[in-house]
Structure formats: structure tokens, C-alpha cells
Amino acid sequence: MSSRFLPVERGQIATIVTHLEMRNRPGPRPVRPVPLRLKRWKAPDNDKYRTLYRRVGEPWLWFSRLVMADAALAAILTDPAVEIFAVLDPKGIEIGLLELDFRQPSQCEIAFFGLIPQLTGQGFGSWLMGQALGLAWRAGIERVWVHTCTLDDPRALGFYIAQGFAATGREIELLDDPRLTGLIPKDCAPHVPLIG
């Protein structure tokens, strides 16, 4: 067995991306009542979307949609084959994000899935996944897929597998650290060392 270390340049971060899929619609699951609800956002504007995206993902260094050109992001958000939902708490405050992408024939990608970090570990993720799968598995869909990476909540990969997804591939992605450009505050994601 051989191993090799590949250097990561200063100012960059490396993440392991795992791709997962589900090829069959899961059976009914017990649904625990929760004080949350989904609200469909039809073609949200970029600023509104990015605000919720930051709220959910900034602590884990989600930043792909923050650096995306406005026109490219708007093209996704207004595409009729992309469905975006905000998770609302009882007061109507947006505390989670679900984005389903049906642009590939017979497939649904769970493009973004998350709750604010204060809500993780309380069973709300299972509720949200139940909602996601109920919306994703519709007529003509043969595959639902998602990917996660080591910049996400450390429990994300195990969560997806426990929900019935099977890992299908793995990649290493090198990125410029967004904390060094000022895009994301330097104190975010303390689990990822800042090496400038």
C-alpha cells in the first residue's frame, strides 16, 4: 500500500468531495412533527438568495454561489427546472435552504441542503430530507443525487448514507480560501486551518 502527500499552496484549501446517489424511491418513513415549514421561492433575487445561502453555509465555508457572477446565478435561480425552498421557523424566519435541480433529464440533484448550524443535531435534517425526497422523486425521475465535502458539517456524509444514499465517487478539490479574500469572515470554519 502506498500513500502520497500532495502539497496545498498557501492561501488555498483542499476538500474531499463525495458524490452520492439514490436509484430507487425510498419507502414511506415515519414523520415526526416539527415546527418548521417549506416555502417555495420562485425566482428569488440574487441578494435574497445569497443572504440565506450565507446564513446556512458560511460557517462551513460554502462560497461557490458568492463568487458566481450575478448573471450566471440569476440564470440558475430563474430556470424553471430549478426549485428553491426556504425553511421557515414558526415566526417565518428563514433558517434553511433546499435547492432541487432537475436540469438533467430523469435526474434530480439536491444542489443545496442545509439548516443554520444552531439547528443541526436535533432531527430537523431528517425532516428536511423527507421533504426533499418527496419533492425530488416525481414521475420520470430515475436518480436523485447529492454531493458533500469536508468543508461541510462533519456529520453530513454519514447523514446522507443513513438516509439511503450510496457513495459513488470521490474527488479532491483545491480552492482559494475565501477567508483570505474577505469574502467570508476569518473566524468562520475554525475546523479548517487558515494558512495565508
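Note on the range 31-70 and the range 135-175: Cα centroid distance 18 Å, given to the nearest whole angstrom. Roll a 1.4 angstrom probe over the protein heavy atoms and tell me the percent of accessible area of the range 42-196 that is carbon or sulfur. So the carbon and sulfur contribution to the accessible surface is 57 percent. Remark: the chain carries a charge dipole of roughly 620 debye about the Cα centre, counting +1 on each Lys and Arg Cβ and -1 on each Asp and Glu Cβ. With all protein chains in place and ligands, DNA and RNA left out, the 1.4 Å accessible area ranks T51, T148 as T51, T148, largest first.
Ligands, DNA and RNA are left out, and with a 1.4 angstrom probe the accessible area of the chain is 55 Å² per residue. Loop-located trypsin sites (Lys or Arg not before Pro) in the range 96-196 (DSSP state other than H, G, I, E, B) with a sparse environment of at most 15 neighbouring Cβ atoms within 10 Å: R103, R138, R155, K186.
The values are calculated or read from the model by the stated rules, or taken from the named source; none is laboratory data. On a predicted model such as this, the values are computed, not experimentally measured, just so you know. All Cβ positions, even for glycine, are placed from backbone atoms using ideal geometry, and neighbour counts span all protein chains on display. Just so you know, the surface numbers come from the protein's heavy atoms only, side chains and all, with ligands and any DNA or RNA stripped out. Shrake-Rupley method; radii C 1.70, N 1.55, O 1.52, S 1.80 Å.
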